[in-house]
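The values are calculated or read from the model by the stated rules, or taken from the named source; none is laboratory data. Because the structure is predicted, anything quoted here is derived from the model rather than measured. For neighbour counting, all protein chains shown are included, and Cβ atoms are generated from backbone atoms with ideal geometry for every residue, glycine included. Quick note on the areas: whole protein, heavy atoms, side chains included, nothing else; ligands and nucleic acids left out. Shrake-Rupley method; radii C 1.70, N 1.55, O 1.52, S 1.80 Å.
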Amino acid sequence: MTDAAGRVGAVTSAVARQVRELRAARGWSFEELAGRSGVSKGMLVQIEGARTNPSIGTLCRVADAFGVSIAQLLEPAEESTVRISATADAPVLWRGDRGGTARLLNGVGEPDLVELWEWCLEPGEGHHSPDHPRGTREMLHVLAGTVTVTVNGVDHDVRAGHTIEFHADREHGYRTAGEEPARLVMVVVTPSGEWDRRTRSRGPRPT
């Protein structure tokens, strides 16, 4: 097994364990979690059985339903108050068709959910994201190249050295502008609480 395959397997196993434990702690059936997250029951069964490597969109929906960060789905909580991690060890949760990647560098879960991402987009690549839970905000800082960020159908070109901040509780996406690769760091901040996509409402997380 290659190192990359081993990392993917570790992520798949961690997600399976965390989703199973979080669902059991709440006493939710697969049907209840499916309703809250908008992810099919069949997919949830596959996830808990560690039989699939879920997409970034699926992970977002499941994490939102539980009121946790994606980072919590990927690994157990640690008791250490200090943690240093290498970019190479961060899980790749998205791969573009031309070699681009999105890595979840880290995340925290209290009081709000905060995630730190690194995105590398090759020319012609992009990612579309559905709306996140109400109150979610994103900040992107472009390190290299130019990125076109689309929010509610309006394009915003962001060059290297510039930062964009926007409400992410609406459809949005990112794509390279021009013929140069783009690299950016992203911070996603989501208010805490379980998000129910059926009612578009947030409830408190269990303590």
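Some values worked out for this structure:
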| item | result |
| --- | --- |
| Some residue of the range 149-160 being within 30 Å of A34 (Cα to Cα), open to solvent by 40 Å² or more (accessible area, probe 1.4 Å) and in a strand (DSSP E or B) | no |
| Filter result for E122 (over 15 Å from the mean Cα position of the chain (by Cα), surrounded by 14 or more Cβ atoms within 10 Å (Cβ to Cβ) and of a type in the set (D, E)) | yes |
| Pair list, Cβ under 9 Å, 6 or more apart: the range 31-53 residue without any contact (Cβ under 8 Å) to a residue 12 or more places away in the chain, other residue open to solvent by 60 Å² or more (accessible area, probe 1.4 Å) and aliphatic (A, V, I, L, M) | A34/M43 |
| Condition check for L104: in contact with a helix residue (DSSP H, G or I) (Cβ under 8 Å, 6 or more places away or on another chain) and in a strand (DSSP E or B) | yes |
| Candidate set: the range 46-71, residues that are open to solvent by 50 Å² or more (accessible area, probe 1.4 Å) and more than 16 Å from the chain's Cα centre (by Cα); chosen: the one modelled with the lowest pLDDT | R51 |
| Single residue of the range 125-148 satisfying the filter (not in a strand (DSSP E or B) and not acidic (D, E)) that is farthest from the chain's Cα centre (by Cα) | G145 |
| Failed item, numbered, when A144 is tested on (1) open to solvent by 20 Å² or more (accessible area, probe 1.4 Å); (2) closer than 23 Å to L33 by Cα; (3) among the hydrophobic types (A, V, I, L, M, F, W, C) | (2) |
| Residue list for the range 100-114, filter: small (G, A, S) and either open to solvent by 50 Å² or more (accessible area, probe 1.4 Å) or closer than 19 Å to P133 by Cβ (or both) | G107, G109 |
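Each row is one residue, and each column tells you yes or no for (1) open to solvent by 70 Å² or more (accessible area, probe 1.4 Å); (2) in a strand (DSSP E or B).
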{"position": "Q18", "(1), (2)": "no, no"}
{"position": "E31", "(1), (2)": "yes, no"}
{"position": "V39", "(1), (2)": "no, no"}
{"position": "L44", "(1), (2)": "no, no"}
{"position": "L73", "(1), (2)": "no, no"}
{"position": "V82", "(1), (2)": "yes, no"}
{"position": "W94", "(1), (2)": "no, yes"}
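Okay, residues lined up against (1) within 29 Å of Q72 (Cβ to Cβ); (2) in contact with an Asp or Glu (Cβ under 7 Å, 6 or more places away or on another chain):
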position: W117; (1), (2): yes, no
position: E122; (1), (2): no, no
position: D131; (1), (2): yes, yes
position: H141; (1), (2): yes, no
position: V147; (1), (2): yes, no
position: T163; (1), (2): yes, no
position: H172; (1), (2): yes, no
position: M186; (1), (2): yes, yes
